[in-house]
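Each remark here refers to the structure printed beneath this line.
The values are calculated or read from the model by the stated rules, or taken from the named source; none is laboratory data. Because the structure is predicted, anything quoted here is derived from the model rather than measured. Here Cβ is always computed from backbone atoms with ideal geometry, including for glycine, and neighbour counts include all displayed protein chains. Side chains are part of the model used for accessible areas, which takes the heavy atoms of the whole protein and leaves out ligands, DNA and RNA. Shrake-Rupley method; radii C 1.70, N 1.55, O 1.52, S 1.80 Å.
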Amino acid sequence: MQAKKRYLLVSVGAGLLFLIYLWGLQIGEFQQQPYQYHQFPQYPLYHQYHQQEYQYYRQSKEVYYQPQPLPQRNPSRPPRHWPESTKLLEPYLEGGEQEEDTPQLHHQHTSPRERRAIRDNIYKNKRCRMETCFDFARCQSGFKVYIYPQQRGSEISETYKKILTSIEESRFHTTDPLRACLFILAVDTLDRDQLSVQYVQNIRSRIQNLPTWNDGRNHLIFNLYSGTWPDYTEDLGFEDHPLKGGGIGYLTLNDAPPSRKYQLVFKGKRYLTGIGSETRNALYHIHNGEDIILLTTCKHGKDWEKHKDSRCDRDNEDYSKFDYQELLHNSTFCLVPRGRRLGSFRFLEALQAACIPVILSNGWELPFSEVIDWRKAAIIGDERLLLQVPSITRSVGHDRILALRQQTQFLWDAYFSSIAKIVLTTLEIIQDRVDSLTSRNRLLWNSLPGGLYALPQYSTDAAQFPFYYALLGNSPSQQFTTVIHMVTPLQSQISPVVKLIIAVAKSKFCAQIVVLWNCDKPLPPRNKWPSTSVPLTVIEGQTKTMSSRFFPHDAIITDAVLSLDEDSVLSTNEVDFAFTVWQSFPERIVGYPARSHYWDSSRSRWGYTSKWTNEYSMVLTGAAFYHRYYHYLFTHYIPASLLTMVDRMANCEDILMNFLVSAVTKQPPIKVTQKKQYKETMMTQGSKVSSRWADPDHFAQRQSCMNAFSHWLGFMPLVHSQMRLDPVLFRDQVSILRKKYRDIERL
């Protein structure tokens, strides 16, 4: 026995030595192999809107390395200098974009750690980035976007038409390529599937012949990235996305706990083979048929029966028992697992439905994640931890659920509800990159009203915007600037405007008075103006247009602006009370003359009314307080075409300001103590301005303005209100000595 044991030990030892010897030979041969690297298709610095992932991201030019041993650096070898300009979009023009997803096919069965290693190896040697390959010199005169003229015989899909229209109607658009910072192709690049009817042939020759192509520098390309059959033939569902406005969110219950019938739902395709099969094939493990409804079907595609498994028939039967929309709108959480693509259109559907997305798609860069904090609106999980999803969702408290659902509604409405908002968000992010010194911070992007309405050129400090005062615990300044718009000559010291200046100057909150002289007559000398206890500044308008009354003059130094027509009649008490109310609502318009809108079903259009009723939706800026930021937003956000329309008619600027503020705040203005004299006074004044109110064409123009402004926004932003704020004890049967604003009741 002892001899046999010794014999076995010697045999095993000899075998191990032989294996070690062979392994050494393999290592030696491996180290003697020359180092090789393959330069895969190099992609340019262009911004691509990834349709199925609904994200905006920068794709840079990079070198893909094969997993070979690292070479020894040769000290005598000179350093390699990359050329400043290369054929940036060569692979895209040659059709190389169709193979961009091919590496994923090779890695679909690798572990997450291996995938991360591959991704890190791919991106660790980026050479061309926006900081180095973007021509910033083009943007020194401002961020303008130029769209190439459409080439003869080229066809454009409806979705791409919406994208181009969104840019053309934005404040960024220019028709002069010399002023452009960014260029947009008129060639439809959305669908690069060669089997698609919308596939554009000969795209290389079409693009390279453009006069300012410059190897693709400063060009923004929109691409749905539909891919090639059979792996990426799903309908993305984006063709029906509206150009403007968009559907509203579905959050109707703001009380905690926000109870819904189901805890977690999903209804979608199950892939038996290929990309996206792992996660969806395992969903049945956590489906309980009660509050967790996870339904899949194998019945899709032409050859599904060839690949069906033992669960397909049962899955297909359960799949048909539930309505997708009913599940979507009656569940607290919606599962968003990866499919053929990393992303899915159901992600946006969940946002709109206020169904908190639970994302299981490792490696998916969420849309606009550069600026949006998705942790405030979604649960981001790990595909490897699918079985933990039910316990994770059940551990979320009611207050957190309500906050997440509210954030889904904000993000949907602010950035995703229409193609125009998606495109404008993309452009705003690029603009922030171009001018990083005046870029928005994450608070501006992730809090109401969102980054599209918080222009960083005004300020990058959230404390300077009226809609962030409450969030930051700030208050507006304790004084206001009076801005009086004048278009008629100063007749005498008894003119209504003189009385108005004197009454406003007596307010203890008035810091200064600014008169905008838009009259065609010469500016009166200083001795013609009344003496006041506060500074009086007269600014003579250069253009003398109606929209210039809302120009953000540097002379306006206070947060609050009291906007007045020259024939307004206000007492000091009225001014003080209105300002006190405004301090509690600094994001809204607060004032006296109210108007309303209505839907005229007989004409299928919006109507404008000045009837005195208990309901209103506008407070005219002839006597109203608002924040000075709205001057800047009015001037720099509203398209030039609308401002030109207002100036041509010399009308509707007050309506346009109400549209703008209501679109930002989603709230109505606030009317203070009823003052019917305002209407009669304006109708009886003998000035040029007052005569407008008796002109029937003036009223007809305002009707037209309502519809033009709502068309611009894509929806009607005005909100009706029946609230009127009066002073305490107003018209109560008590002694006048007990009332603070005594003069108001004597009017």
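Here the label points at Thr132 and Glu158, each 7 Å from Cα along the C-beta direction, are separated by 4.4 nm in the simple model.
Taking each of Lys508/Lys740; Lys269/Lys306; Lys261/Lys299 in turn, the alpha-carbon distance tops 19 angstrom for Lys261/Lys299.
Taking packing as the residue-averaged number of other Cβ atoms within 10 angstrom, the listed peptides 328-336, 363-371 run from highest to lowest as 328-336, 363-371.
Determine the shape class of segment 457-550: with a ≥ b ≥ c the square roots of the Cα gyration tensor eigenvalues, call it rounded for a/c under 1.5, and otherwise prolate if a/b is greater than b/c, oblate otherwise. Since a/c reaches 1.5 but b/c is at least a/b, the shape of segment 457-550 is classed as oblate.
Taking all protein chains together and a probe of 1.4 Å, list Ile422, Ile248 from the most accessible to the least accessible.
Values: Ile422 5, Ile248 130 Å².
From most accessible down to least: Ile248, Ile422.
For Asp309, neighbours were defined as the other residues whose beta-carbon sits under 13 Å from its Cβ, and their charges (Lys and Arg +1, Asp and Glu -1) total +4.
Below 8 Å, C-alpha to C-alpha, sequence gap of six or more: please give me the relative contact order for segment 439-533 in percent. Mind showing how you got there, number by number?
Details: 91 pairs, mean separation 24.1, N = 95.
Across segment 439-533, relative contact order equals 25 percent.
Between His219 and Phe183, the built amide H atoms are under 5 Å apart, and every one of these is 5 or more places off in sequence or on another chain.
When you restrict to C-alpha pairs under 8 Å that are six or more residues apart and normalise by the size of segment 145-193, the relative contact order lands at 63 percent. Can you tell me how segment 378-489 classifies by the Cα gyration tensor, rounded, prolate or oblate, using a/c under 1.5 as the rounded cut? Note, shape of segment 378-489 comes out prolate.
Each Lys or Arg adds one and each Asp or Glu subtracts one; over the other residues with Cβ under 12 Å from the Cβ of Leu725, this totals +2.
Here segment 542-618 and segment 401-462 have alpha carbon centers that stand 27 Å from each other.
Across segment 398-460, the mean sequence separation of Cα contacts (distance under 8 Å, 6 or more residues apart), normalised by length, yields a relative contact order of 27 percent.
Rounded to whole Å, give me the distance from the Cα center of segment 619-665 to that of segment 466-513. Using only Cα atoms to place each centre, the spacing works out to 18 Å. Each of Arg217, Arg738, Arg400 has its accessible area taken with a 1.4 Å probe; listed largest first, they run Arg738, Arg400, Arg217. Phi angles across segment 165-172 convert, under the Karplus curve 6.51 cos²θ - 1.76 cosθ + 1.60 with θ = phi - 60°, into 3J(HN,Hα) values of 5, 4, 6, 4, 8, 8, 6, 7 Hz, Gly and Pro given as x. Placing dummy labels 7 Å off each Cα toward the beta-carbon, the span from Ser391 to Lys261 is 2.9 nm. Taken along the Cα-to-beta-carbon direction at a fixed 7 Å, the label points for Gln478 and Thr165 span 5.2 nm. Distances between placed amide hydrogens fall under 5 Å for Leu243 paired with Ile419, all partners being 5 or more residues away or on another chain. Note that segment 333-338 has calculated 3J(HN,Hα) couplings of 10, 10, 6, 10, x, 5 Hz, one per residue in order, obtained from phi through the Karplus relation 6.51 cos²θ - 1.76 cosθ + 1.60 (θ = phi - 60°); glycine and proline are x. Asn218 sits among other residues whose Cβ lies under 9 Å from its own Cβ, and their net charge, with Lys and Arg +1 and Asp and Glu -1, is +1. For segment 529-623, rounded, prolate or oblate, judged on the Cα gyration tensor with a ≥ b ≥ c (square roots of eigenvalues), a/c < 1.5 rounded, else prolate if a/b > b/c? It comes out prolate by the Cα gyration axes.
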